[in-house]
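Engineer: Quick one: the structure is below, questions incoming.
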Amino acid sequence: MTTLLQWNGVRMRVAHVAADPDDLALRAVTLPASWEDEAAIALLQLSGSTGALRLSSEAARWLDRLSSLPALPGETEMPVPALGPALAGALLERQIAPLAALWQGQVDRRSGFVVNLAAFVQEGDFDGERFVETLRLACVALRRLHAVNGPMLNGELPLFDAPSASAPEQDGLGGPAGTLLLTNLDSCLALMGLDYDSETGRDAACYLSWLATSLARQGAGPVPLPPISCPIAGLEITGRQIRDEMEDSLPDLPNRALIETGFSLPGPVDALLGVESCGLAPIFSPLRADGHLRASALSRLAHRGLSLEAALAAAVLGENPLPQPGPEAHLSMHRALTGFVDRMPARPDPRASLPLTARLERGARRPLPARHGGFTQRTAIGGHRLYLRTGEYEDGSLGEISLTPGRESSMVRGLLESVGQAVTIGLQHGAPLSAYVEQFAHTRFGPAGTVEGDPVAAYASSLLDYAFRALSDSYLGKRLPDSAPEDPHVIEEDPMLPLDIPGDLPPRERGRLRLVS
């Protein structure tokens, strides 16, 4: 593997980590000494191999693969360096890393790269030339890879409306050539001394996004108009040069497939790059998991002329030396960037960070955590088996129920499961459990009968009667009495005969057979 030479002279260390927190078997991962253990865990999640791992060997698989791809027509107009060593150097500097499909060699999946914006800031200045060079390398790699693997894509449907490609040959290559996702935006702004929640910060973010989209569509499709202003020193000149290249020397070229741009979502690639905030999201806390200040927080203090001692003194006096952007700033950034990239993450909800009582008043959903408590109760009501499952929040309150009957018809099963889902939605939006208990306890419909398997009730008049009385006992601390059993000797009137028909009607005469000639 020729790209292994790129790692010579890099100081490495061995981290013993596990991809799953529940996995007790640790694996050895060799990676650069300056990288965190989270990067080693991300490498385990990205790699499909077993045993000990080396970052250099794992990366060499896709780097050598990209180096062996043939050049496309039209690339001779702009010299392209060797892809393997150039991208290996960018990975070492944690500027760019491939998505899982390219990392694992999945030829039937669309490839892409994640670009760490903060890695291009050196001593407070954004390295625009390095940024443009790296993105061009990534676009060349994706287009070459798409020319080979385009016919083998699995025909996945597009997730958004992308601009139509100008070259007719692109229709036979499976659509866009790949994806470029930007990440760590807030840290990038902080290293340049720009506030996330400011017009200047939003203008800088818009210009970076526009520049990435322009490079991704160079010679392959229309480019959006640039933002009005560029607060990043020197970057506006770079943008003008790219626009001149597109208008003069780079007309639409054959096989120049479109590359989509966007912002990343949480995943192992972001952890491998060591980002502080995923995609366009702000950094909500100045502290790392170990309690130390983040690099972005130290940079913000430095740009404001505050030392650590001065910041501590200000905090003791009740001031906030590091005001963090809130959810409203996140929403404003999302609105500002819409239109400068192809793929935007889900629109942030400012209500998500409100206190629980405020969120419930506004009708916001309180989802259950991925790992939560609860219980499963198996009972029989009148010989009909029922499974009652619950899910609980961290405070022990009820947030989910599931009602599953055994050996019942598909209609009964579907109705009970739908009731459980409807109640779950109400509970997670703040509806009180007592209202459901009052509504469904002591309801009467079959099947009903003696309760077996749960001492909370001896007799239930319906499956829902038992279920909500059991929930009342477990989560409200209130045990409801049994309903009175139905008297088997009481014969109800036939609802199909509402009229009083006299019982002394003469008997109906038997019909006679007549021959008709």
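All of the numbers you see were taken from the coordinates with simple rules; none came from a lab. Every value quoted in this text rests on a predicted model; they were computed, and no experiment measured them. With ideal geometry, Cβ positions are generated from the backbone for all residues, glycine too; neighbour counts draw on all protein chains shown.
Engineer: As an exercise, identify the trypsin sites (Lys or Arg not before Pro) in region 9-44 lying in DSSP coil whose Cβ has no more than 10 other Cβ atoms within 10 Å.
Structural biologist: Counting only loop positions with at most 10 other Cβ atoms within 10 Å, the trypsin sites (Lys or Arg not before Pro) in region 9-44 are Arg11.
Engineer: Still on this structure, I have one more. What are the chymotrypsin sites (Phe, Trp or Tyr not before Pro) within region 419-468 that DSSP puts in a loop, where the Cβ has at most 16 other Cβ atoms within 10 Å?
Structural biologist: Hits after loop and neighbour filter: Phe445.
Engineer: Sticking with this one: If amide H atoms are built 1.01 Å from N in the plane of the peptide, which residues on other chains or at least 5 residues away come under 5 Å of the amide H of Ile259?
Structural biologist: Ala177
Engineer: If you don't mind, there's one more thing I want to ask. Starting with the fewest neighbours, write out Met344, Met12, Met333 ranked by other beta-carbon atoms found within 10 Å of each beta-carbon.
Structural biologist: Final ranking by Cβ density, sparse to dense: Met12, Met344, Met333.
Engineer: Moving to a separate point now. Tell me the label-point distance for the pair Leu331, Lys478, using the 7 Å Cα-to-Cβ offset, in nm and rounded to one decimal.
Structural biologist: A separation of 3.7 nm, rounded to one decimal place.
Engineer: Put a dot 7 Å past each Cα toward the Cβ at Val10 and Gln324; how far apart are the dots in nm?
Structural biologist: Those two pseudo-labels are separated by 3.1 nm.
Engineer: Is the shape of region 376-476 rounded, prolate or oblate, going by the alpha carbon gyration tensor and its root eigenvalues a ≥ b ≥ c, with a/c under 1.5 for rounded and a/b larger than b/c for prolate?
Structural biologist: Because a/c hits 1.5 or more and a/b exceeds b/c, region 376-476 counts as prolate.
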